[in-house]
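The values are calculated or read from the model by the stated rules, or taken from the named source; none is laboratory data. Here the structure is a predicted model, which means the values were calculated and not measured. Note that we place each Cβ from the backbone using ideal geometry, even for glycine, and neighbour counts take in every protein chain shown. The protein model used for the area step is the full one, side chains on, heavy atoms only, and it has no ligands, DNA or RNA in it. Shrake-Rupley method; radii C 1.70, N 1.55, O 1.52, S 1.80 Å.
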Amino acid sequence: MNYYSTNKNTPEVSLKEAVIKGLASDNGLFMPERIEKFDPSFFETIQNLTFQEIAFEVAKMFFGEDIPESKLKEIVFDTLEFDCPVVKVTGSIYSLELFHGPTLAFKDVGARFMARLLNYFLGEKKEQVNVLVATSGDTGSAVANGFLAVEGIHVYVLYPKGKVSKIQESQFTTLGQNITALEIDGTFDDCQRLVKSAFLDAELNEKLVLTSANSINVARFLPQAFYYFNAYARLKEQGILENKEFVVSVPSGNLGNITAGLFASEMGLPIKQFIAANNSNDVVFEYLETGNYIPRESVETIANAMDVGEPSNFVRILDLYNHSHKTVSEKIKGYRYSDSEIKKIVKKVYIETNYLCDPHGACGFESLNEFLSENQVGLFLETAHPAKFTETVEEIIGKGKVPLPSKLAEFMKGEKNSILLNKDFQGFKECLLESVTI
Ligand SMILES: *Cc1c(COP(=O)(O)O)cnc(C)c1O
């Protein structure tokens, strides 16, 4: 299958090229030329399949033409070595726990899939591929761990100095090997700009093979559709969706996760309504309400993985719905929560249901609480484990109440190693070029 650019100013490319390039040469984002629909009968029996089997069926719809079936199956099954269970929180609200992977956030799914796909495409090629990834916290750890020790690939993680939690930082600054952490004196948006500038820099592209592992990469964002299908299957299995409409709320930052959900819906998955839950970085909320899209600098919040002022996947959503504000705002309802509201929600849910949300998931929960009507069932994506935000969460519910999972404790033991850079492109560029001359 070919991939076109949302800017439509450059020829279509193959999957391999889209994955290796990351961003299209006209600065647009790649989109698959077709979205295949499942036969409705698929959804009648989907509950008989396991998560891995469902994911394989979904993967074939996108990647089936470009990767031998047995290889694709291996990639999918290997990516999903962990489960993404659906857990009941209230009578009509369920949590899709996406934090059971190696770095305890949903980005493990896309990052692990992409690492394996890239490795397959690179095959015997000897040339080193440099993966650039900007992170507001969780992407860096998922990508770094997904790619750790993969031959032929070097990963540069760019993160905003002082704006990620200690635990998050430890997950990509302590690994060494083929992972370099670049600590940028700026915001997440500055990190993202540096990465984009690198892709557009002629000299860098001549000397280095660069690719992105942010959700702009199709190999990272499309696999995120897997768990929407599985969540539907697991709810259906228990008869929970009978005569009910299905509403899904996605704590959103760069909009990669919700875009994958929208793709799932275009493939026929019966989701009645999507909700994009924002923190105080509310450009999407504002667009949905007014039709005006005004990107701006991000502000810091306690749900830091959603601190995005210019969400990169927004253009994919516009492209998917022909730039119609009417269609987009029907498909997606917007909600937004300030830090003080998020704290109240985490506390309330914990006291009333004994379920501990992380600050991102809390936004998803509350939007459903506000939105749902009688005949609906809501699912929010619990995008990270609360222990990734121990300091914040314990401040809300009390010290010592968030046990540190052993996977996270291991990271904390390592020694931090990072290169401090300012937000100017030149310094970053020199840093990348140095790696060629060494
Ligand atoms: C990345 C992230 C988000 C935002 O996801 P997008 O795909 O960028 O919208 C939400 N919550 C957590 C915990 C994350 O790590």
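Charges were assigned to the Cβ only: +1 to each Lys and Arg, -1 to each Asp and Glu. The resulting dipole of the stretch 288-370 about its Cα centre is roughly 200 debye.
Compute the Cα gyration tensor for the stretch 148-211, then decide on rounded, prolate or oblate, letting a ≥ b ≥ c be the square roots of its eigenvalues: rounded whenever a/c is under 1.5, prolate when a/b is larger than b/c in the other cases, and oblate in all that remain. Oblate shape, in that a/c is at least 1.5 and b/c is the bigger or equal ratio. Mean separation of Cα pairs under 8 Å and 6 or more residues apart, divided by the residue count, gives the chain a relative contact order of 19 percent.
Fully extending the segment from ARG296 to ALA202, taken as 0.36 nm per residue of separation minus the present Cα-Cα distance, adds 31.1 nm. Computed from point charges on the beta carbon alone (+1 for Lys and Arg, -1 for Asp and Glu), the dipole magnitude for the chain about its Cα centre is near 360 Debye. The share of alpha-carbon pairs in the stretch 57-166 lying farther apart than 20 Å comes to 51%. Within the accessible area of the stretch 308-398, the carbon and sulfur atoms contribute 45%, probe 1.4 Å, all protein chains present.
The spacing between the stretch 304-367 and the stretch 1-48, judged by their C-alpha centroids, is 25 Å. Can you give me the distance in nm between label points at ASN375 and PHE425, each placed 7 Å from the Cα along the Cα-to-Cβ direction? Label-label distance for ASN375 and PHE425, simple model: 5.4 nm. Between LYS407 and LYS166, residue separation times 0.36 nm minus the direct Cα-Cα distance comes to 85.3 nm. Note on the chain: dipole from Cβ charges, positive end direction compared against SER25, PRO68, GLN376; the farthest Cα belongs to GLN376.
One decimal place: the segment GLU286-GLU53 gains 80.0 nm when fully extended, by the rule 0.36 nm per residue minus the C-alpha distance. For the chain, the calculated P(r), taken from all Cα-Cα distances in 20 Å bins from zero up to the bin holding the longest distance, is 27, 62, 11, 0 percent.
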